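Visitor: Take this structure, written in structure tokens, and hold onto it; I'll ask about it next.
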Amino acid sequence: IERDVRQLTNVGDLRSFQRFMQLCAGRIGQQLNFSELASVCGISVSTTQRWISILEASYILFLLQPHFENFNKRLTKSPKMYFYDTGLACSLLGIESPEILALHSIRGHLFESFILADLCKQYFNIGKRPPVYFWRDLNGRLEVDGIIEDGLKLFPIEIKSGETVASDFFKGLTEWNALAKRTSNKCYVIYGGSLNQERTAGNLVSWKTAGNLIEEIRKETVVKKKKQTVKKSNTIK
């Protein structure tokens, strides 16, 4: 990374850059604040923005934008920061074994980064820009980890690192569906266990099978479009 980034931009203080990378890893899953990150690292805001841009271009990290009905607002609100490679993030954080990771305070955010990065890669693999966002209400009380916007259809996703299903796994999705006035059959909880199950509150998806989720979502969108076309054709007749 140090070699590649140096080929793209002039990193004069390598130690500051190393510290910057570690600070970024420690902020996985958090909303990005350029001023705060620059202050802690001891560099300028412009340098912080330039380094983040280079790391994005190098596919080291990615910024998840917030979802709004008003598209312009997605460009003005703070995004969340994630790493494509959670192994790299663990290395930067000094997490050297599964045992350490299991007890680490950032374990949930690393798992979240792992799943969201994989969802983005599923879109990259079919030649599509990932329409993946997160959602948070104005006061920060309610948040949904991922929103897939496929066509005109929205698919909310919650990500839980726990291996055992807890009663509150679907709470955020239930509240989001109520606010959005949408049905719950096309929302998902991706978790650290091995069970796949359809529930009243939504679909439970194991991380082991989440690699096919975008394909399933796109099939659902295609089927819906075909049904709408047939219905429209019958109406015209």
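Visitor: With a cut-off of at least 1 residues that are hydroxyl-bearing (Ser, Thr, Tyr) and within 23 Å of Glu220 (Cα to Cα), name the strands (runs of 3 or more DSSP E) lying wholly within segment 159-209.
Guide: 188-191, 202-206
Visitor: Residue by residue through segment 115-145, note down the ones that are in contact (Cβ under 8 Å) with a residue 60 or more places away in the chain, within 25 Å of Asn212 (Cβ to Cβ) and not aliphatic (A, V, I, L, M).
Guide: Answer for segment 115-145, where residues must be in contact (Cβ under 8 Å) with a residue 60 or more places away in the chain, within 25 Å of Asn212 (Cβ to Cβ) and not aliphatic (A, V, I, L, M): Asp118, Gln122, Tyr123, Tyr133, Phe134, Trp135.
Visitor: Separate question: Determine, yes or no, whether Lys121 is of a type in the set (Lys, Arg) and part of a helix (DSSP H, G or I).
Guide: In short, yes.
Visitor: Would you confirm, using the coordinates I've provided, whether Leu116 is in contact with a helix residue (DSSP H, G or I) (Cβ under 6 Å, 6 or more places away or on another chain) and either within 22 Å of Gly151 (Cβ to Cβ) or assigned to a helix (DSSP H, G or I) (or both)?
Guide: no
Visitor: For Gly29, indicate whether it is surrounded by 14 or more Cβ atoms within 10 Å (Cβ to Cβ), at positive phi and either aliphatic (A, V, I, L, M) or out of contact with any Gly (no Cβ under 6 Å at 6 or more places or on another chain) (or both).
Guide: When the stated conditions are applied, Gly29 passes them.
Visitor: Restricting attention to segment 47-56, does a residue exist that is exposed (fewer than 14 other Cβ atoms within 10 Å of the Cβ) and over 26 Å from Arg129 (Cβ atoms)?
Guide: no
Visitor: Can you tell me which of (1) surrounded by fewer than 19 Cβ atoms within 10 Å (Cβ to Cβ); (2) of a type outside the set (D, E, K, R); (3) in a strand (DSSP E or B) is the one Asn139 doesn't meet?
Guide: (3)
Visitor: Separate question: Within segment 195-219, restricting attention to residues that are surrounded by 13 or more Cβ atoms within 10 Å (Cβ to Cβ) and charged (D, E, K, R), which residue is modelled with the lowest pLDDT?
Guide: Here the residue is Arg218.
The values are calculated or read from the model by the stated rules, or taken from the named source; none is laboratory data. Not measured: the values here are computed from a predicted model. Glycine gets a Cβ as well: all are built from the backbone with ideal geometry, and neighbour counts include every protein chain shown.
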